[in-house]
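Okay, structure first, notes after.
The values are calculated or read from the model by the stated rules, or taken from the named source; none is laboratory data. Given the structure is predicted, the values throughout are model-derived calculations rather than measurements. Neighbour counts run over all protein chains shown; Cβ positions are idealised from the backbone, glycine included.
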Amino acid sequence: MFKILVADDDEGLRLSVTAALRQHGYDVESVANGEEALTKIRTNSYQLALLDVQMPKLNGIETLKELKAQDPSLIVILLTAYSNVPDAVQATKLGAYNYLEKPIQADNLVYMIGKALKAKSMIEALSFSAPQIKLPDGSQFIGQSVEMKKVFSVIQKLAQVDTPVLIRGQSGTGKELVARALHFNGPRKDNRFVSVNCSAIPETLIESEFFGHEKGSFTGADHRKIGKFQYADGGTLFLDEIGDISAAMQVKLLRVLQERKFMPIGSNREMEVNVRIVAATNRDLDQMIRDGSFREDLFYRLNVLPVNLPSLAERRPDIEVLIQYFIEKFNREYKKDVKKVSGEAMSLLRTHSWPGNIRELENVIEHAFVLEPSAEITVASLPELFQQKKINTEIPTVTRPGFKLDLQRLDFQANKEQFEKEFLIQALKTFKGRINQTALHANIPKKTLLRKLEKYGIVARDFSESTAVGEE
Ligand SMILES: Nc1ncnc2c1ncn2[C@@H]1O[C@H](COP(=O)(O)OP(=O)(O)OP(=O)(O)O)[C@@H](O)[C@H]1O
Ligand SMILES: [Mg+2]
């Protein structure tokens, strides 16, 4: 329930306003002056305050300044007598949402409050990020979908413990971001976060990469080398693409997980480490266990606390906030001042299938930054793929055939021919009678198109630019 604070020295007004607002389901408290309002706000949290401009002790304008300093998101509406309207206008520059002239009409007041609170909750929803999840390079974890809010709260809890975590999700869903968030929001944050991409290291080198080696332990080992496990001591070791390690390495990894001990190559001394393991994969580990390419015992060791990242298509409410986030990021990087995305471009972005997830979205926005000369991202600056789509998505709207099924005459051939005829006419209209364009975008082989035009006696030229003018 929304909480509202009313401050006015006129007791009659306080009572009537309080009663009217309570009737509309608001939780209301009232005080008689600005000072009391300040005291109240220190111990309570309100979404909105109604302040009389003329009040003893601290007037409405002074109170507004103080309240806003304490809580910038508080909505303030001033209540003012006619003689103080200029002050109230001035106050909107100090952050007041609006003012109402006395005598106050309950209807106007309720309407204005409803509108203000709606705007406030919309803004808050849009700017929802996970401020509690910090990353040292200033990058943020964005998401307002129910799915991501769950992920954020899981990260919060998992960051505090030492148990291994297995992060699963398609490519580009943010697995590495989760791993870093786990490290930098927990007690290990002042030690190292070490990331190893298991699929990028050749099989012959991976053991040395993990555990290190002594000088001369194998051909080419001309220095003693510290492995990643030792390097990450006290911190977190992120094993990316864990699904790609060999059977032999799986055994060795299992042993470190169980005993926290390992032996560098060529050494006869066991090393003990305190490392938190976070692993990630986009492979289907369940299938790999079934076909024997991933050890079940290792899987259970790693999978004590799983984090599953949904694909971007499964959390569409995040698309718009992510776009906003990337625009701000690239504005800084490219020293540009892109303000928004055009409606048409936004609708293409919102409905795209995003097989490459957030990484793809980030790349698309960066692409637009490079190409877009104006302060608004338009369809023209999106990658080729979206240009194609633009035409495709227009077909059902612009050229939707006026075809009606003839239910009196349930004859398949007749209905099909009628449909074809109308479809071709609409397609030619859309592509201004150009045969090649029509064939390409309406997805008809050119030969078929020409044959059908002849069959129905349709002349493509009739739809060319000059004759199309004045149509519709
Ligand atoms: N929720 C998010 N908020 C902000 N940025 C995000 C979010 N999720 C992912 N990103 C960004 O998208 C990009 C891809 O994320 P990341 O590298 O973590 O994905 P991944 O799952 O590890 O992908 P892959 O499987 O291909 O390695 C990164 O630049 C990352 O910062
Ligand atoms: Mg990754």
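What to note about this one:
- In the condition set (1) outside any helix (DSSP H, G or I); (2) over 30 Å from L177 (Cβ atoms), V278 is compliant with all but (2).
- Here R224 qualifies as in the same structural domain as L298 (by TED's automatic domain parsing) and farther than 21 Å from D297 by Cβ.
- Among the residues of the stretch 150-174, the ones that are charged (D, E, K, R) and in contact (Cβ under 8 Å) with a residue 12 or more places away in the chain come to 2 in all.
- Entirely in the stretch 1-99, the strands (runs of 3 or more DSSP E) that have 1 or more residues that are in contact (Cβ under 8 Å) with a residue 40 or more places away in the chain and in contact with a Ser or Thr (Cβ under 7 Å, 6 or more places away or on another chain): 3-7, 48-52
- Residues satisfying the stated conditions in the stretch 328-384, i.e. in a helix (DSSP H, G or I), within 14 Å of ligand 1 (Cβ to nearest atom) and not β-branched (V, I, T): E328, K329, F330, E333, N357, R359, E360, L361, E362, N363, E366
- The one condition from (1) under 19 Å from T281 (Cβ atoms); (2) out of contact with any strand residue (DSSP E or B) (no Cβ under 6 Å at 6 or more places or on another chain); (3) polar (S, T, N, Q) that T236 does not meet is (2).
- Looking across the stretch 192-240 at every residue that is in contact with a Lys or Arg (Cβ under 9 Å, 6 or more places away or on another chain) and polar (S, T, N, Q), the one that is farthest from P136 (Cα to Cα) is identified as S217.
- Test result for I155, under 20 Å from N303 (Cα atoms), outside any loop (DSSP other than H, G, I, E, B) and either among the hydrophobic types (A, V, I, L, M, F, W, C) or assigned by TED's automatic domain parsing to the domain that holds Y325 (or both): yes
- From G186, G212, residue being more than 16 Å from ligand 1 (Cβ to nearest atom), more than 29 Å from the chain's Cα centre (by Cα) and small (G, A, S): G212
- For the stretch 154-170, a residue qualifies if it is of a type outside the set (D, E) and away from ligand 1 (no atom under 14 Å from the Cβ), and the qualifying residues are Q156, K157, L158, A159, Q160, V161, T163, P164.
- The stretch 190-215 - residue that is in a loop (DSSP other than H, G, I, E, B) and either touching a strand residue (DSSP E or B) at 6+ places or on another chain (Cβ under 9 Å) or among the β-branched types (V, I, T) (or both) and, of those, nearest to ligand 2 (Cβ to nearest atom): I201
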